1. Say each of L223 and A246 gets a label point 7 Å from the Cα, pointing the same way as Cα to Cβ; how far apart are those two points in nm?
2. Out of residues 5 or more away from L87 or on other chains, whose amide H comes under 5 Å of its own, with H placed 1.01 Å from N in the peptide plane?
3. Arrange I186, I291 by Cβ neighbour counts within 10 Å, fewest through most, would you?
4. With a 10 Å Cβ neighbour count serving as the proxy for reagent exposure, in which order, fewest first, do I61, I122 appear?
5. Which of the lysines could a cross-linker bridge to K286, judged by Cα under 30 Å and excluding same-chain residues fewer than eight apart?
6. I want the local charge near F97. Using Cβ-Cβ distances under 9 Å, sum +1 for each Lys or Arg and -1 for each Asp or Glu among the other residues.
7. Once phi is turned into ³J(HN,Hα) by the Karplus curve 6.51 cos²θ - 1.76 cosθ + 1.60 with θ = phi - 60°, what whole-Hz value does each residue of segment 186-192 show in order, with x for glycine and proline?
8. Going by how many other beta carbons lie within 10 Å of each one, how would you line up K64, K75, K106, fewest first?
Amino acid sequence: MNESQKYFDPETLARIGPLGLRARALVEGLVAGLHRSPLRGHSIEFAQHREYTPGDDVRQIDWKVFARSDKVYVKQYEDETNLLCYLLLDTSQSMTFRGPVSPLSKLEYAQLIVACLTYLVITQQDSVAVGAFSAQLDAWLPPSSSPSQFDDMVHVLENSPSNPRTHLGEVIHQFTARVARPGIVIIVSDLLDDVQRLTSAWKLLRFQRHDVIVMQVLDAAELDFPFDRTTRFVGLEGLPEVVADARLVAAAYRTAMAQHCSGLQATCRELDIDYVQLRTNQSLAKVLPPILARRRRRRA
């Protein structure tokens, strides 16, 4: 691990002051390792072809390729100045969960992801907007490429109001009503919501021509269920407290969680949405660059 990457370690980040300090320690090494960005938009530099879909601008059809292959492709261009990135962070009550051995809560870990990506977009001199949501869009920072956007983002994340419940479908409706231009939408959430409701939200974003990345942030304990004795489980988002013998429910719990996550992954694949799952005990230095590199290769 090099000198910059040590700051990505969750245990180290847990010891570094408030979000602003942690984010600034974190992003420098990440940005150095990611340029050029895998996020693509529209400008004068050609980037790739992709198959034509109804609604695409016919002026971007490559007729030379059509003449050679009898297939309709449109041109895409690598963004230099006008990429528009929307970052949506789940701040609902379930995101405050921190497992027994985790140094950061899901929310703290997700905040750092949003901080990294905000910084990355700004350093490209592109525009980024940041929203915090629970049952509704609780806070909204309009798009900007100004260097001050990073400090404004930190203020939004540290001071966002929150409703105990999550309703991502309503949030996406509010979001699409606010924005006039398609861009890259990155949702950072534990996605502990009904899969059908989430699917409806994804479909709306795709209908609006947004390029969507879904980052599911979970605690290791939520996936592995390491409990092995009678345990009191505190309900979040309005759910009641439950006392149960963890050994009796472990297998059923793990099956249900696996089915939920696989359902999300299948839906995203069907809608051509990038889906990644992150554990809060993973080093961001190890997981974020490969995620974005895979996106670069897939979009190339």
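1. 1.8 nm
2. A129, V130, G131, I186
3. Ranked by crowding around the Cβ, least crowded first: I291, I186.
4. Fewest-to-most ranking of I61, I122: I61, I122.
5. Of all the lysines, those that pass the test against K286 - Cα under 30 Å, at least 8 places apart if same chain - are K6, K106.
6. Working: positive: R98, K106; negative: D190, D219, E222.
So the environment of F97 carries a net charge of -1.
7. With coefficients 6.51, -1.76 and 1.60, one gets 10, 9, 10, 7, 7, 6, 8 Hz.
8. Final ranking by Cβ density, sparse to dense: K64, K75, K106.
Just so you know, all these numbers are worked out from the coordinates, no wet-lab data involved. Just so you know, these numbers come straight off a predicted model, no measurement behind them. Because the Cβ atoms are built from the backbone with ideal geometry, glycine has one as well, and the counts that use them run over all protein chains shown.
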